[in-house]
1. I need every pair where a residue in the stretch 146-174 that is free of Cβ contacts under 8 Å to residues at least 24 places away in the same chain has its Cβ under 7 Å from the Cβ of a residue that is surrounded by 15 or more Cβ atoms within 10 Å (Cβ to Cβ), sequence separation at least 6 or different chains.
2. Would you pick out the residues in the stretch 334-362 that are within 27 Å of the chain's Cα centre (by Cα), crowded, with 16+ Cβ neighbours inside 10 Å and either without any contact (Cβ under 8 Å) to a residue 12 or more places away in the chain or not in a helix (DSSP H, G or I) (or both)?
3. Could you please find all residues in the stretch 89-116 being surrounded by 12 or more Cβ atoms within 10 Å (Cβ to Cβ) and either touching a helix residue (DSSP H, G or I) at 6+ places or on another chain (Cβ under 6 Å) or in contact (Cβ under 8 Å) with a residue 40 or more places away in the chain (or both)?
4. With farther than 18 Å from residue 255 by Cβ, at pLDDT 95 or above and more than 14 Å from the chain's Cα centre (by Cα) as the only criterion, which of 187, 147 stands out?
5. Determine if the stretch 62-81 includes at least one residue that is in contact with a helix residue (DSSP H, G or I) (Cβ under 9 Å, 6 or more places away or on another chain) and not assigned by TED's automatic domain parsing to the domain that holds residue 160.
6. Which of the residues that make up the stretch 36-57 are surrounded by 14 or more Cβ atoms within 10 Å (Cβ to Cβ) and without any contact (Cβ under 8 Å) to a residue 24 or more places away in the chain?
C-alpha cells in the first residue's frame, strides 16, 4: 500500500495551483506495485506513476535496498532512448510525511565519533607474550558476552537467512567481490573457482538451518572494535556497546550488510584474526593466538549454548580468509603466509565440523 494522504501533501507542495489529486492502483507484479497519480491544476491534467517495491525477497528486504533501486532508476531512466523519465525518489518518513531524496550525485553518512583504540593493537601486542594476560582474557569475555547478547535476538524469516548465505558468497563486499579485487596472478583462477564452488555447496547445505537467524553486527572485526577504559567512557545504552567487565569497555563501528543473519558471520569476522596474526608473525597458529581462538569459542558456546556453531562456519571462514589474504588490503602478507591462510580455508571447507585444534597443522 501507499500513504495517499502524505503523497497528496507532497504533491500539493511540488505542483502549483493543484485543484484535485486522484490516486489509484494500477496493478502489482513480482517486484512491487504501481499507482496512477492524476493531478489537476489550472493549466490542465497531468498523469504520473508512483512505484513501490515489495519489502521482502529479491534483495529488497531493507529500506536501503529499495532506496538503491529507485536511486539507480532516477539516474539511469533518462539515459536510455525511448524510456520513460523518472522525476524523483520519494521517502516516507517515520512521522508519515513524504519528502524527496533523489538527485544526489553522491551520498554521505554523518555519525558520532568513536573513541578508543582498536583491537588490532591488542592482537599486535600478543606477539610479545607467551600466554594471554588477564586483560586479554577479560576483553575476549567482554566480546563474547556482547555477541551472545545480540545473537540471542532471533527472527523467524527464511528469506533473510537465505539472503545472508547468498550474500556471503555473491555480495560485492563478500567472497566473490573480494576475490575480484585480487591483482591477477595472486591466486590461480582455478583455486579461486574451487573455493567459490565449495562455498556455494556449503550455503545450500546450511539453508535448512534458517531458524538460526539472529541479530548481527555484520562486520565484527578488530578495526571496528575500539576498547577504552570504562571509567572514562560516557554511559552508552546496553546494545550500543560491548558492556563492562573488569574495567574494560568497548564501542563498535561500521555495522554492515543488514541487521539479520547467521551468527557465524560475526564469529568468524573476529576469529580469523587470531589465525591471521599468528600466521603473519609466527608462520603457525601458536601461543596466545591459539589460546585466544580456543577461549573465544569456548566462551561463546558456554554463553549461547550454540554448539551447532562449529558446523556452520565454513563459508564464512572462506570469506574472511579471502579478506585477510588480500594483497590490496594487507600488502605485507607474503606468498608463503597467503598459502597458509588458504590452506586453512580449503581445510575448513572440506571439514564437516570446525574445531580450533585443526589450525595447529596447516
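The values are calculated or read from the model by the stated rules, or taken from the named source; none is laboratory data. A quick note: this is a predicted structure, and the numbers were derived from the prediction, not measured. Cβ atoms come from the backbone with ideal geometry, glycine included; neighbour counts cover every protein chain shown.
1. Pairs that qualify, where the first residue is free of Cβ contacts under 8 Å to residues at least 24 places away in the same chain and the partner is surrounded by 15 or more Cβ atoms within 10 Å (Cβ to Cβ), are 170/176.
2. Once the filter is applied, which keeps residues that are within 27 Å of the chain's Cα centre (by Cα), crowded, with 16+ Cβ neighbours inside 10 Å and either without any contact (Cβ under 8 Å) to a residue 12 or more places away in the chain or not in a helix (DSSP H, G or I) (or both), the stretch 334-362 yields only 354.
3. Step one: of the stretch 89-116, the residues surrounded by 12 or more Cβ atoms within 10 Å (Cβ to Cβ) are 89-92, 97-102, 114, 116.
Passing the criteria: 89, 90, 92, 97, 98, 99, 100, 102, 114, 116.
4. Numbers: 147 fails: farther than 18 Å from residue 255 by Cβ.
That would be 187, the only listed residue that is farther than 18 Å from residue 255 by Cβ, at pLDDT 95 or above and more than 14 Å from the chain's Cα centre (by Cα).
5. The first filter runs over the stretch 62-81 and keeps only residues in contact with a helix residue (DSSP H, G or I) (Cβ under 9 Å, 6 or more places away or on another chain), leaving none.
The answer is no, given that none of the residues of the stretch 62-81 is in contact with a helix residue (DSSP H, G or I) (Cβ under 9 Å, 6 or more places away or on another chain) and not assigned by TED's automatic domain parsing to the domain that holds residue 160.
6. 36, 40, 51, 53
For every residue, the table says whether it meets (1) surrounded by 15 or more Cβ atoms within 10 Å (Cβ to Cβ); (2) modelled with pLDDT of 95 or more; (3) farther than 30 Å from residue 121 by Cα.
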residue: 183; (1), (2), (3): no, yes, no
residue: 238; (1), (2), (3): no, no, no
residue: 241; (1), (2), (3): yes, no, no
residue: 247; (1), (2), (3): no, no, no
